[in-house]
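The values are calculated or read from the model by the stated rules, or taken from the named source; none is laboratory data. The shown structure was predicted, so the numbers you read here are calculated from the model rather than taken from an experiment. Cβ: placed from backbone, ideal geometry, glycine included. Neighbour counts: every protein chain shown. Side chains are part of the model used for accessible areas, which takes the heavy atoms of the whole protein and leaves out ligands, DNA and RNA. Shrake-Rupley method; radii C 1.70, N 1.55, O 1.52, S 1.80 Å.
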Amino acid sequence: MKLDLNCDLGEGEPLARTRALMRRVTSANVACGGHGGGLKTMETCVRLARQQGVRLGAHPGPWSRSDFGRGPTRFAPDEFELLLLHQVGALEHVAQGNGVRLHHIKLHGALYHASDENDPLAKRYVAAVRRFWPQAKIYARAGGRVARVARRAGSVVWEEAFADRGYRDDGTLVPRTEPNALLTEADLVVERVRRLLDEGEVIAASGKHIVLRPQTLCIHSDTPHSAQLARTVVKELVLRQ
């Protein structure tokens, strides 16, 4: 198994961290002005992605900066589609102005989880991507609803696992308000990567083994020591090639 390494960027992290992570990852999910980011950060990330040969993705999130787009949210399908047009469309225009192609779309925070829990939202999301950005891949939780809906619709989906997040027994992520939500120690992250590569599984917080077949692996830019963790993960991935 060869894994892409993606990271959510342009979310307000220090520029030095953005640059350090962009040198390590193979895909960047760039905040589009919802939960974080703005025109300046989008321009910066697009140019860094071009310089480093990193795949550029849009990372739309709720219009909610006070909770970083991770708090409870309710969206009707029409509102959801309009949000995508605003945010993904904005990044796409910036990318085109810099000669960069939009490679993928990955939802952020509450949108990521809401679309995976709500069938109408999942279907509208996939339909909107197919209509407006037919060349873009969808990054979605491995084994989740969005991945299944996208595959049935004939969309290209890269299923995603998380190097730095705890899992519940059903394959969803441990909420950030609960213990074991984050993996911040390098040895635990490396063990996660090795198990995915060797066994095709992750270990949930309870100890349960969960089978996953991801194509892409995520590290969050706001995880403590994220740049160092990314360097460690890349080293492990290179060793396995």
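Computed quantities for the displayed model
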| quantity | calculated |
| --- | --- |
| Residue list for the range 15-41, restricted to those being closer than 13 Å to Gln87 by Cβ and either assigned to a loop (DSSP other than H, G, I, E, B) or open to solvent by less than 10 Å² (accessible area, probe 1.4 Å) (or both) | Asn29, Val30, Ala31, Cys32, Gly33, Gly34, His35, Gly36, Gly37, Gly38 |
| Matching residues, the range 64-79, being assigned to a loop (DSSP other than H, G, I, E, B) and either among the β-branched types (Val, Ile, Thr) or surrounded by 14 or more Cβ atoms within 10 Å (Cβ to Cβ) (or both) | Ser64, Arg65, Phe68, Gly69, Arg70, Thr73, Phe75 |
| Residue identified as at pLDDT 95 or above, farther than 19 Å from Leu48 by Cα, of a type outside the set (S, T, N, Q) and in a helix (DSSP H, G or I) among Leu107, Leu84 | Leu84 |
| Filtered residue count, the range 176-185, keeping only those that are open to solvent by 20 Å² or more (accessible area, probe 1.4 Å) and aliphatic (A, V, I, L, M) | 2 |
| Strands (runs of 3 or more DSSP E) within the range 155-229 that include 1 or more residues within 22 Å of His108 (Cα to Cα) | 157-162, 201-203, 216-220 |
| Filter pass, Gly12 being part of a loop (DSSP other than H, G, I, E, B), open to solvent by less than 10 Å² (accessible area, probe 1.4 Å) and of a type outside the set (A, V, I, L, M) | no |
| Cβ-Cβ under 9 Å pairs, at least 6 apart or on other chains, the range 37-57 side on the phi > 0 side of the Ramachandran plot, far side of a type in the set (A, V, I, L, M, F, W, C) | Gly37/Leu9; Gly37/Val30; Gly37/Ala31; Gly37/Cys45; Gly37/Leu91 |
| Residue selected from the range 186-224 under the condition within 19 Å of Arg23 (Cα to Cα) and out of contact with any helix residue (DSSP H, G or I) (no Cβ under 8 Å at 6 or more places or on another chain), by the criterion surrounded by the fewest Cβ atoms within 10 Å (Cβ to Cβ) | Pro224 |
| Among (1) part of a helix (DSSP H, G or I); (2) within 22 Å of Leu107 (Cβ to Cβ); (3) open to solvent by less than 50 Å² (accessible area, probe 1.4 Å) - the single one Arg152 does not satisfy | (3) |
| Selection within the range 120-149 - farther than 22 Å from Ile210 by Cβ and open to solvent by 30 Å² or more (accessible area, probe 1.4 Å) | Pro120, Lys123, Arg124, Ala127, Arg130, Arg131, Phe132, Pro134, Gln135, Lys137 |
| The one condition in (1) over 20 Å from Leu5 (Cβ atoms); (2) surrounded by 22 or more Cβ atoms within 10 Å (Cβ to Cβ); (3) in contact with a helix residue (DSSP H, G or I) (Cβ under 8 Å, 6 or more places away or on another chain) that Cys45 fails to fulfil | (1) |
| Residues of the range 190-221 satisfying the condition of being farther than 16 Å from Gly171 by Cβ and either of a type in the set (Phe, Trp, Tyr) or out of contact with any strand residue (DSSP E or B) (no Cβ under 8 Å at 6 or more places or on another chain) (or both) | Val190, Glu191, Arg194, Leu197, Asp198 |
